[in-house]
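**Student:** One structure coming up, written as structure tokens, with questions to follow.
Taken together, the values in this text are just the output of simple stated rules run on the coordinates, not laboratory data. All values derive from a computational prediction rather than experimental measurement. Note: ideal-geometry Cβ built from the backbone for every residue, glycine included; neighbour counts use all protein chains shown.
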Amino acid sequence: MDISVVIPLFNEAESLPELYAWIKRVMERESFSYEVIFVNDGSTDASWEVICGLHEKDAAVKGIKFRRNYGKSPALYCGFKEAQGDVVITMDADLQDSPDEIPALYRMIREDGYDLVSGFKQNRKQGDPLSKTIPTKLFNATARKVSGIHNLHDFNCGLKAYRKDVIKNIEVYGEMHRYIPYLAKNAGFDRIGEKPVHHQARQYGKSKFMGWNRFVNGYLDLITLWFLSTFGKKPMHVFGFLGSIMFFLGFVAVIIIGGMKIYALSSGTPARLITDTPYFYIALTMMILGTQFFLTGFVADLVSRSSASRNDYQIEDEV
Ligand code: UDP
Ligand code: MG
């Protein structure tokens, strides 16, 4: 099979028939063999009935129905598990992403050798308020820096194409759908490209992602990913290092303070308590914090030693 289209959706019943017809038109024009996997993420509207109706008429349509709303990442995860095509395309269900982009994306993977191609909503003026576009710009700039994928303008674009290996070897969870290119890069798929795509205003229903708090969570996720990719398999290297440095500085400070005290005693200056100087408390705190960091490192190493992913490596080929 050439292409699997994976579509996560939450309350998008009005858009689905149109989206399906459009995808089918494109696929038949290019004579691709394909499947469309709708993942119904706990919709409370008629989305599931619509999907069942489409499935009855066309075996290329598959549906997965969550019992409740889990989020876009879990929906993608389950769609990816199901997908069989050589190239997997994800798109939003709201008709904002155009199926007309599919053939070009497919060719970039098959012919130009990309592992992952992300859409870039260059003309995203329509419909989106400033409270969405400004944080999005900031978000992308940070994601580019942290991930080291400098050529992506739009990490969060729903329209993306993947070589099958990529989606079978990464695990999207939580709200990590924003960082799939980073996940892919960490797994060793580093031929990551971008294609400017058309992006339209929403016709039906409303956006499921609004407000600022998702950016706070987005940044926390980014920090987690960065930490996992850098120290995930060797936490002691960061905590042990920090802990040792702090303890060492504290220890040296204590020696100096103690030495000054002894010197003061022997030279007969009026007696002062060692606790009279603030440096004593700073040194003490540093030694305590240093020990804490060190112990955290041990505990983190124990945890990672017993975790199921401790020996998770990407093996590309064996003969
Ligand atoms: N979506 C989902 N589960 C959720 C929220 C959203 O599957 O909990 C789907 C939604 O139906 C759409 C896609 O994720 O197909 C992108 O959502 P939306 O269009 O609301 O985001 P926006 O384009 O406004 O960023
Ligand atoms: Mg949308």
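**Student:** What do you get when you divide the Cα radius of gyration of the chain by 2.2 N^0.38 Å, with N the number of residues?
**Tutor:** Normalised Rg, Cα atoms only: 1.36.
**Student:** As I understand it, the value is the acute angle between the Cα axis of helix 130-147 and the longest principal axis of the Cα atoms of the chain; what does it come to in degrees, rounded to 10?
**Tutor:** It works out to around 60 degrees.
**Student:** Another question, if that's okay. Return one number: the angle in degrees, 0 to 90 and rounded to the nearest 10, between the long axis of the Cα atoms of helix 213-231 and the longest principal axis of the Cα atoms of the chain.
**Tutor:** Compared with the principal axis, the helix lies near 70 degrees.
**Student:** Can you give the charge dipole size of segment 162-269 about its Cα centre, rounded to the nearest 20 debye, using +1 on the beta carbon of Lys and Arg and -1 on the beta carbon of Asp and Glu?
**Tutor:** Charge dipole of segment 162-269: 440 debye, to the nearest 20.
**Student:** Check Ile37: other-chain or 5+ apart residues with amide H under 5 Å from its amide H, H built from backbone geometry?
**Tutor:** Hits under the 5 Å cutoff: Val5, Val6, Ile7, Lys62.
**Student:** Which value in deg cm²/dmol, rounded to the nearest 500, describes the helix-derived mean residue ellipticity at 222 nm for the chain, given -39,500 (n - 2.57) per DSSP H run of n ≥ 4 and division by the residue count?
**Tutor:** Roughly -16000 deg cm²/dmol at 222 nm, from the helical runs in the chain.
**Student:** Continuing with this model, one more query. If the only charges are +1 at each Lys and Arg Cβ and -1 at each Asp and Glu Cβ, what is the size of the charge dipole of segment 90-215 around the Cα centre, to the nearest 20 debye?
**Tutor:** Roughly 340 debye, rounded to the nearest 20.
**Student:** Of the listed pairs Lys62/Lys164; Lys81/Lys121; Lys65/Lys208; Lys164/Lys185; Lys65/Lys132, which have alpha-carbon separations greater than 21 Å here?
**Tutor:** Table pairs above 21 Å Cα-Cα are Lys81/Lys121; Lys65/Lys132.
**Student:** Could you state the principal axis extents of the C-alpha atoms in segment 1-119, from the largest down, to the nearest angstrom?
**Tutor:** Extents along the principal axes, in whole Å: 41, 27, 24.
**Student:** Give the residue from Gln84, Ser73, Val117 lying farthest towards the positive end of the charge dipole for segment 67-128; charges sit on Cβ (+1 for Lys and Arg, -1 for Asp and Glu) and the dipole is referred to the Cα centre.
**Tutor:** The one lying farthest along the dipole's positive direction is Ser73.
**Student:** Along the positive direction of the dipole of the chain (beta-carbon charges: Lys, Arg +1; Asp, Glu -1; about the Cα centre), which of Thr277, Ala60, Asn186 reaches farthest?
**Tutor:** Thr277
**Student:** Along the charge dipole of the chain, Cβ charges K/R +1 and D/E -1, which of Phe251, Leu302, Ala141 sits furthest on the positive end?
**Tutor:** Highest projection toward the positive end goes to Phe251.
**Student:** Spelling out what I want: for every residue of segment 17-29, take phi, set θ = phi - 60°, compute 6.51 cos²θ - 1.76 cosθ + 1.60 (Karplus), and round to whole Hz; glycine and proline get x.
**Tutor:** Whole-Hz 3J(HN,Hα) from phi for segment 17-29: x, 5, 4, 4, 4, 5, 4, 4, 4, 5, 5, 6, 4.
**Student:** Using θ = phi - 60° and the Karplus relation 6.51 cos²θ - 1.76 cosθ + 1.60, list the HN-Hα couplings for segment 287-301 in order, rounded to whole Hz, with x at every Gly or Pro.
**Tutor:** The phi angles translate into 5, 5, 4, x, 4, 4, 4, 4, 5, 4, x, 4, 4, 4, 5 Hz.
**Student:** Treating only the Cβ atoms of Lys and Arg (+1) and Asp and Glu (-1) as charged, compute the dipole magnitude of the chain about its Cα centre; round to the nearest 20 debye.
**Tutor:** In total the dipole reaches around 1160 debye.
**Student:** A further question on this structure: Between Arg272 and His237, take the C-beta separation as r, use R0 = 30 Å, and let me know the FRET efficiency to the nearest 0.05.
**Tutor:** With a Förster radius of 30 Å, E is 0.10.
**Student:** Note the angle between two axes, namely the Cα long axis of helix 47-57 and the longest principal axis of the Cα atoms of the chain, as a number of degrees from 0 to 90, rounded to the nearest 10.
**Tutor:** The helix 47-57 is inclined about 40 degrees to the chain.
**Student:** Taking H placed 1.01 Å from N in the peptide plane, check which residues at least 5 places from Lys195 or on another chain put their amide H under 5 Å from its amide H.
**Tutor:** Residues meeting the amide H criterion: Ser118, Gly119, Phe120.
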